[in-house]
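Q: Structure below; questions to follow.
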Amino acid sequence: MKCAEILLLLLCLEVVRFSAFASPPSTCPADLGKECSGSGSDEWEGEFFPGIPTIKYEGPSSKNHLAFKWYNAEEEILGKKMKDWLRFSVAFWHTFRGSGADPFGAPTKFWPWEDGTNSLAMAKRRMRANFEFIEKLGVGFWCFHDKDIAPDGKTIEETNANLDEVVALAKELQGSKFQLLWGTAQLFLHPRYMHGAATSSEVGVYAYAAAQVKKALEVTHYLGGQNYVFWGGREGYQTLLNTDMERELNHLARFFEAAVAYKKKIGFKGTLLIEPKPQEPTKHQYDWDAATAANFLRKYGLVGEFKLNIECNHATLSGHSCHHELETARINGLLGNVDANTGDPQIGWDTDQFLTDIGEATLVMLSVVRNGGIAPGGFNFDAKLRRESTDVEDLFIAHITGMDTMARGLRNVAKLIEDGSLPDLVRKRYESFDTEIGALIEAGKADFELLEKKALEWGEPKVASGKQELAEMIFQSAL
Ligand code: XUL
Ligand code: CO
């Protein structure tokens, strides 16, 4: 292949890559070759998922791949029903707009209810499929981006009218059975956001993004959303050589302040969440990790108005474990929601896989239990099928495994708490601070003169074993 051809191929692949987040205005999957403005009926004969029963708990010995082995919604663990600890949510974008495209390949998923258009009728049909899916799965919550659920119009007014129409249907289908965990505005796919949204160098883009978030907050409020998420995929930079980082961060803070003011104005009581991620698609994203986001909130006086949505695959991309990010959020009083997924140790991008590692899930649940739960947040499956998984039932199997994995994590934490030896090990490790001088240090009352006096008196300190292997042994025995 010649150099120019390789470049062209790479360019095409990049375009395909983000098609999982729905198409920009007036485009549709070219390989399906249909009109995007098609205004067919949103009616659909019969069920979207015929042959798939309501998923039930059958216990660990079940061989039924359409049953839960570990997640038993009504069962009480550590004083709360499993469904209340876990508050599972289906991500509309992956489940209903995920095409299977990756940086090197075209879409692979052509669900029976799709007609290849991005029409309003198609949007409504997808919404019906969404509620049948979550009902059969036994999940109480869902999450969406504005652009996942409704097509853009030619103007902001037309776009908002489309959104209103789909949201009215969503409200009706939600009824009192289901709840919106969070809504968000998609501020990364459209070319206008290439330099960022709230951190764009163009004031027109800043205003456009504000109009989009204003509307997304309104519809999230209308749907009774429990939270609202800001993920700033393009809020960052490709190079500092052309970037006024200080000015961009100030703009981002002003944008968040305006969101807080508008939230209060319309009476939206949900929690505002920032979702950290270090990079991808930008080289450097401003909300790099939990500690960076916490520092940003403190600097701009926004602590108290925001919490964090921790995504496990974002954590690993930032060089941390998910447990580290959850604990950082928790000890700062900022743990708001979990985007439950995982990455791949060999693939260096955000693979958004369903979490199936029981040890990892146990660590995640340790943080959530220490936090006293996650409500009004929940566990949103920001996770997608592999490109090669193309059966409708795979959507169920993936979520069932994800839910069972988190349920096993919760059950394991209950075992660890009941056993008590892990917290005991940690408590013992610090017991030298459970003394008069330790209390003075922790109260901020031990100055250097006093500490020097103690050091002279005590001489060389005895340093105990960290007992890491014992901690690992105890942890492993609960899995
Ligand atoms: C991207 C990501 C998003 C956010 C919502 O990596 O996680 O789906 O969760 O915009
Ligand atoms: Co996410």
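Q: Among 311-323, 348-360, 88-100, 254-266, how do they line up by average Cβ neighbours within 10 Å per residue, starting with the highest?
A: Details: 311-323: 22.2, 348-360: 17.8, 88-100: 23.8, 254-266: 15.2.
In decreasing order of mean packing, 311-323, 348-360, 88-100, 254-266 become 88-100, 311-323, 348-360, 254-266.
Q: Compute from the Cα atoms of the chain the Rg and the Dmax, the latter being the longest Cα-Cα distance, and quote both in angstrom.
A: Values for the chain (Cα only, Rg and Dmax): 24.2, 85 Å.
Q: As a footprinting exposure proxy, order Ile149, Ile374 by other Cβ within 10 Å, with the fewest listed first. Walk me through the intermediate numbers first.
A: Numbers: Ile149 26, Ile374 22.
Least crowded to most crowded, the residues run Ile374, Ile149.
Q: If you don't mind, another one. For Leu272, list long-range residues whose amide hydrogen, built 1.01 Å from N in the peptide plane, is under 5 Å from its own amide hydrogen.
A: It is Tyr228, Lys307, by chain and number.
Q: Right, next: Counting Lys and Arg as +1 and Asp and Glu as -1, each charge on the Cβ, what is the dipole of segment 421-478 about the Cα centre in debye, to the nearest 20?
A: Computed about the Cα centre, the dipole is about 160 debye.
Q: Here's something else I'd like to know. Straight-line reach from Lys299: which aspartates and glutamates have a Cα under 19 Å away, not including same-chain ones fewer than 8 places off?
A: Glu235, Asp244, Glu246, Glu248, Glu257, Glu275, Asp287, Asp289
Q: Among the DSSP beta bridges whose two residues both lie in the chain, what percent are antiparallel, rounded to the nearest 5?
A: Just about 15 percent of them are antiparallel.
Q: Tell me, what is the FRET efficiency for Lys428 and Asn250 to the nearest 0.05, using R0 = 51 angstrom and their Cβ-Cβ distance as r?
A: 0.60
Q: Quick one: length gained pulling Ala161 to Ile397 fully straight, 0.36 nm per residue minus the C-alpha distance?
A: My answer for the length gained is 81.4 nm.
Q: Once the Cβ-Cβ distance between Ala439 and Lys269 is put in as r, and R0 is 51 Å, what FRET efficiency do you end up with, to the nearest 0.05?
A: Values: r = 40 Å, r/R0 = 0.78.
Working from the Cβ atoms, E equals 0.80.
Q: Further question: Along segment 55-64, what does the Karplus equation 6.51 cos²θ - 1.76 cosθ + 1.60 (θ = phi - 60°) give for ³J(HN,Hα), rounded to whole Hz, x for Gly and Pro?
A: These are the phi-based 3J(HN,Hα) values: 6, 10, 7, 10, x, x, 8, 5, 9, 6 Hz.
Q: Hey, what do the phi angles of segment 101-107 turn into as Karplus ³J(HN,Hα) couplings, whole Hz, using 6.51/-1.76/1.60 and θ = phi - 60°, x for Gly and Pro?
A: Coupling constants for segment 101-107: 5, 9, x, 10, x, 6, x Hz.
Q: Give me Asp339, Asp424 sorted ascending by neighbouring Cβ count inside 10 Å, so fewest comes first.
A: So the residues, fewest neighbours to most, are Asp424, Asp339.
Q: So how many Lys-Lys pairs in segment 372-479 land under 29 Å Cα to Cα, not counting same-chain pairs under 8 apart?
A: Step by step, the pairs that qualify in segment 372-479 add up to 13.
Q: Within the set Lys69/Lys136; Lys171/Lys214; Lys124/Lys307, which residue pairs have Cα atoms separated by over 27 Å?
A: Going by Cα-Cα distance, Lys124/Lys307 fall outside the 27 Å limit.
Q: Which ³J(HN,Hα) values, rounded to whole Hz and listed in residue order, are derived for segment 79-93 from phi using the Karplus coefficients 6.51, -1.76 and 1.60 in 6.51 cos²θ - 1.76 cosθ + 1.60 with θ = phi - 60°, glycine and proline given as x?
A: Along segment 79-93, the couplings run x, 9, 5, 4, 5, 7, 5, 9, 6, 5, 9, 9, 8, 4, 5 Hz.
Computed from the coordinates by the stated procedures, all read-outs in this text should not be read as laboratory data. Please read all numbers here as calculations on a predicted model, not as lab measurements. We place every Cβ from the backbone using ideal geometry, glycine too, and count neighbours over all the protein chains shown.
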